[in-house]
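Read the structure below first, then the notes.
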Amino acid sequence: MTQIRYPLLIAASLAALLVVARANTQSARASDRIGEQPPALINTCLITKNVKELVRFYASILKQDAQMTGNDYAEFHTGVGVLAIFSAEAQERYIPGSATPASNKSVILEFRVADVDLEYHRLQDIVKVWVKPPTTQPWGTRSISFRDPDGNLIDFYSRPDSK
């Protein structure tokens, strides 16, 4: 009887070792994948000389109040990421020479909206500089483009299937 037990015990032990080894390998692969994930853009920060003016503007166009931290910093949580507004004076204290406010001519802040045409009419009294009226793009989206008080380019767009 003991002669049969030992082979069974050895087989069961080997099976258990294989299960543990496989679980460790899978766990190591999962942690490797986590470390290999690309960085995620979650925050865009506008540096400005006039925090109050930009906060008022973005509160109006985004239809929400900013979360303020003192007088130098504000955040708008957009559902996907954060649009932050930071004072140029504070930026200069923290990272001297790193940013020039109201100088952006290469970045577009894009926001998906339900209806571009309704937004265009709603924003008439808020937006001072229009770049493009409601237009349907060759790739199918409909969009409007305008500038904030610091000259940053903003694009509101909708997809035909999101209406």
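Where a number appears in this text, it was derived from the coordinates with a stated rule and is not lab data. None of the values given here were measured: they were computed from a predicted structure. When we count neighbours, we look across all protein chains shown, and the Cβ atoms used for this are built from the backbone with ideal geometry, even at glycine.
Determine the percent antiparallel among the DSSP beta bridges restricted to the stretch 104-163, to the nearest 5.
Numbers: 11 of 16 bridges.
Within the stretch 104-163, antiparallel bridges account for around 70 percent of the total.
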Non-local amide H neighbours of Thr78 (under 5 Å, H modeled in plane, Pro and chain starts lacking H): which ones? Leu83
Please sort by residue number the trypsin sites (Lys or Arg not before Pro) in the stretch 117-153 whose DSSP state is loop and whose Cβ has at most 13 other Cβ atoms within 10 Å. Lys128
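How do Asp155, Asp115 line up, fewest other C-beta atoms within 10 Å first?
Asp115, Asp155
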Karplus-derived HN-Hα couplings along the stretch 41-53 (A = 6.51, B = -1.76, C = 1.60, θ = phi - 60°), whole Hz, x at Gly and Pro: 6, 10, 8, 10, 10, 9, 9, 9, 7, 9, 4, 4, 5
Under 5 Å between amide hydrogens, which residues at least 5 positions from Glu110 or on another chain qualify, with H placed 1.01 Å from N in the peptide plane? Asp155
